[in-house]
Every structure is written in structure tokens, then in C-alpha cells.
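**Q** Before I ask anything, here is the structure I am working with.
The values are calculated or read from the model by the stated rules, or taken from the named source; none is laboratory data. Not measured: the values here are computed from a predicted model. Here the Cβ positions follow ideal geometry from the backbone for every residue, glycine too, while neighbour counts run over all protein chains shown.
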Amino acid sequence: MSNIPADSTTDITSRYIEQDNKDKNLLACVLDKYLGRNDQILVQKTQMGGIQAYVGSVTLEWFASRVHFASCLPLLQKKYNPQTDNIEIDADSIDEIQQRPLDWSRQAALVQYLATRQHHKFPPVLVVINQPWVDNPKAPEWNSQGRATKSTTEFTPLDKDGQFGLLNLSQENVNIYALDGQHRLMGVQGLMELLKTGKLSRYRKDKTPSNTFMTVDELVEQYHISPAYLQSLRKEKIGIEFICAIAAGETLEEARLRVRSIFVHVNLMAVPLTKGQLAQLNEDDGFSIVARKIAVTHPLLEQREDRKPRVNWNSATVAAKSTVLTTLQALKEMSEKYLGQKFLHWKPVDKGLIPMRPEGEELYEGIKDFRVLFDYLATLPSYVILEYEDTPALRRFSFEKDGGEGNMLFRPVGQVALTQALGILVFKKGFSLEDIFKKLCQFDREGGFSGMEHPKSLWYGVLYDPNKKRVQVAGRDLAARLLIYILGGIQDSIERAELRKDLAKARTVENKTIGFDANFVEPKQVGLPSVL
């Protein structure tokens, strides 16, 4: 047993805690002294692949004001277009290009995301630190062999191992350029302009104004956020990683190749999500949420031990031999085409903006409506037969190996066209699903959805390309209009005449129009089928 009195142990512990608190206070005072300056940032040094970098964080306001687009680097100035902030690519500049062109049409969407999303988040950005002497071949920082005697980063360590310290970013000596994160910079700069002036011009891709504006007043009213909250965004922080434009011992050409290589590697490793993966993960888009729910719960689509999967969760297409019925992406498009006629506000006002997640009750209503639609779809004879037949035989064209029915209901484009037509009929024209599916079931029993590859089919030339002998997505809207027509949804004579002309055009291959009897006819001889 220990002979140390309990009071002595308590006293030692107390002194230890007191000293620890003093050390923490001292460290806080030191950091306050240095971190209060905008020209120094606390960073941690990292090294990977022989490249030193410094990781820290800065406010959005600092990021917008201090960081420039990479196209502004002096070595690219001869080809720099100040109107678009891009480099004009030609034979002289192609080897120097390090960035993809900026798409200025994205700025408004990025600003809206930052301003209106409570849980917004931008990944850290990668920037390059440059100094004026780099572009002066006679500067003393270059030796007689054209190699740099120092780096463009100036780091002051604060610990004995030199891992934590201060990065000197004084505005007089340092210029900073975004190597990875140019569109994030564009978005943050747009946000700062919006907060400063109260409005932000929307641009086309090449930075020509679209003559429309985003305003603070609109955001406050539409998204129920306060002006004070918007102003607080200035002080939010974003992660940032600094690398040098020139490292000690490098020539200018070696540095250029290193920086360009880093950019290429960063972008090659960042594989974008597929549309199917986005539909899996998106918690803001109401149509994606509805599609996921139906995909996992409806009897026509749900996963069962006694049958093969009915939904492809990743790919946008269905292979000829695949046993799935549809894809998650197609279900998302079906949801959008059908429910979008009822819930118009589920779509963002402007293209490219992020939708707002629907309220709980409305989302429940959307799921209910979409489930009812699938209850009716499951009654179609083509889908009832799935209890006894695999999808490949129903999907394949007759001329393919082992043959098939060429049924459009087993192609995602056909599924989307059908629901697009149904959405218009139900929510815009007041038709009932019960009446619609009485007609569709009879149409299906008579082979109306099958044999797309045959001239007698309504979908020949529309969803089936007779020249390339494959499905064509471009005919989806025409297919939807034809479905609306045969279901009695087009009464206007002018609209019918336009539909007939479009159908004749779709059935014209190499200036020869193919009639429903497989013979060549004059375009005006192609008529519309009877209404069901």
C-alpha cells in the first residue's frame, strides 16, 4: 500500500491541473496574438507524394477577397479573357491550360445553396501561393541555373517538430489562386456580392448576363430566412489547403508541370456520382424520395427472395439480357413527370437550383399518389405476365438472339413516356386512372405496346429507330403525346394536325416515309390511329 497521504495526492493533482490550465491560457494568448492578423493563418503541415502542403481554414469573406481564379496566374496572362475569367485556348496556350472553363451559369445555384440551405457544406479547396519574384527571371530568388533558392510559401513553425505553425499570407507579397475549387470560389464571391449590394446578376455559361437577378429580398421571402442570418454567412469558415507555386530547387517549367499534374490527379480521382446514385442519396428532391420509397415497397418492384431484382439502382439503362424491370433513375423521372403536374413547386424555380425538400404531409401525399399509379400499372397484362416470364424475353426485339416481344413497357424510355402522359391526363385534364387503365389494358391485350420494331406499331420511328435498329430516347415526348391522343386527351383539331405531321416525320427515314403497312407512302398519307 502507498504511504503517501491522501491530502498530498490531492495537492499534487490540484497543482497539475493548475499548471495545465496555465499552459492552455498561455497557448490561447499566443494564438490570439498571431491569429488576429489577416496576413497569417494557423496551419498544419502535411506531406504526400513528395509534395508539402499546409491545411487550415479561412472565412468565406476572406476566401472571396483574397483568392483568385487560376486563369489569372501571370504565366497565362497573354491568353486570359477578363470578361469570362477563362483562358482562350489556342495552339500557344493549350499546353499551359490547367483548368476547365468556368461555367458562370452555375453561380446563382451555388449562391442559392449557400444562402438557403441550413446544412450547406463546401469541401476544402486547394490553392496555390505565388509571389511576384516568380515571374521575374532576374529576381535574386533565382540562381544562375534558373532554379529557385526559396519556396513561395513562408511557414513559421510553432512546435518543435515543425508540424504546426503560421503561414505568411501578407497581401503585399503573396497572391493566391484556386487550383481545385474554382466554382466554389465563384459561388462564394457571388454570395459576398449579393450580401454587399442586395442583388446578384445571373449569367449564362460564358458570363454574359441573362438580364435577371437574384435578390436578398426574394431569398428572405421565399425561403423564410432573416437578413441577419444571411450576413452571418460572411464569417463561416471553409477548409483550405495551400501548396507553393515554386518549391526551392525547382525551375519554372518543373513547377508548372508539378502544379498542372496535381490538378489533373485531383480531378481524375474525383469520379462524379451517376444519376442513379444521386437518386439514391438525394434527400432534398421530392421526386427522388418518392421513387426510392416505391422502389423498395411496391409489390411490382420490391426485392423478394423468390425472384430476381426488379430495379437497377445505379445504371441509367437496362441491358438486353438484364432481368430487371426498370432503373432507379427511370423511376425518378417517372415520379417527376407524373407528380410534377400536381406538385409544380417541387421543381426549383430556375434550372440548376437545388430543390427544397417537400413538407412531410405533402411528401406522404406524393408517395400515396405514386403508389396508386403503380397499383394500376401492375394490372397491365404485360406486367401481370411477369409472374411467369422473365423480362429479357419481353424486352428483346424479334430479330435479336432468342427473339422477344419488343415491348416498350420494358424499356425505361417507354415507362417514362407513359407516366408523362398519365400525369398530364390525370392532373391537368381531369381523367381518372380507372377509366384510363380500362383502355390501356385493352390496348395492351391487343399488342399495342409490343412489336416496336415492326412498321405496324405506333412506336415505330418514335421510340424505335429503324435505321439504327435500337431504342431512341429522343422520341419520348412524341410518344407521350401519342398516348394522350389515343386516350382521348387531344380534342383540338390543330393540335391533332401537328401531332400527325410529327408522327409522319418520325416515320421518315432517308426521305422515305414508312406507312403502317410497311410500304413507302407520302408523309400526308400517315394518319393517326383511332382513339381508344
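**Q** Of (1) of a type outside the set (A, V, I, L, M, F, W, C); (2) closer than 27 Å to residue 283 by Cβ; (3) touching an Asp or Glu at 6+ places or on another chain (Cβ under 7 Å), residue 340 satisfies all except one. Which?
**A** (3)
**Q** I would also like to ask the following. For residue 375, state whether it is in contact with a helix residue (DSSP H, G or I) (Cβ under 8 Å, 6 or more places away or on another chain) and assigned to a helix (DSSP H, G or I).
**A** no
**Q** Restricting attention to the stretch 381-403, does a residue exist that is closer than 17 Å to residue 283 by Cα, not assigned by TED's automatic domain parsing to the domain that holds residue 487 and not β-branched (Val, Ile, Thr)?
**A** No - not one qualifying residue is present in the stretch 381-403.
**Q** Answer yes or no: is there a residue in the stretch 141-164 that is hydroxyl-bearing (Ser, Thr, Tyr) and either touching a Leu at 6+ places or on another chain (Cβ under 7 Å) or within 18 Å of residue 57 (Cβ to Cβ) (or both).
**A** yes
**Q** Whether any residue in the stretch 98-106 is closer than 21 Å to residue 252 by Cα, in the same structural domain as residue 43 (by TED's automatic domain parsing), modelled with pLDDT under 90 and assigned to a loop (DSSP other than H, G, I, E, B) is what I want to check.
**A** The answer is yes; a qualifying residue exists.
**Q** Which numbered condition trips up residue 509, out of (1) under 19 Å from residue 414 (Cα atoms); (2) surrounded by fewer than 20 Cβ atoms within 10 Å (Cβ to Cβ); (3) touching an Asp or Glu at 6+ places or on another chain (Cβ under 9 Å)?
**A** (1)
**Q** How many residues does the stretch 332-353 contain that are of a type in the set (A, V, I, L, M, F, W, C) and surrounded by fewer than 16 Cβ atoms within 10 Å (Cβ to Cβ)?
**A** Within the stretch 332-353, residues that are of a type in the set (A, V, I, L, M, F, W, C) and surrounded by fewer than 16 Cβ atoms within 10 Å (Cβ to Cβ) number 2.
**Q** Of the residues 195, 200, only one is surrounded by 16 or more Cβ atoms within 10 Å (Cβ to Cβ), over 25 Å from residue 345 (Cβ atoms) and of a type in the set (A, V, I, L, M, F, W, C); which?
**A** Just a single option satisfies the conditions, and that option is 195.
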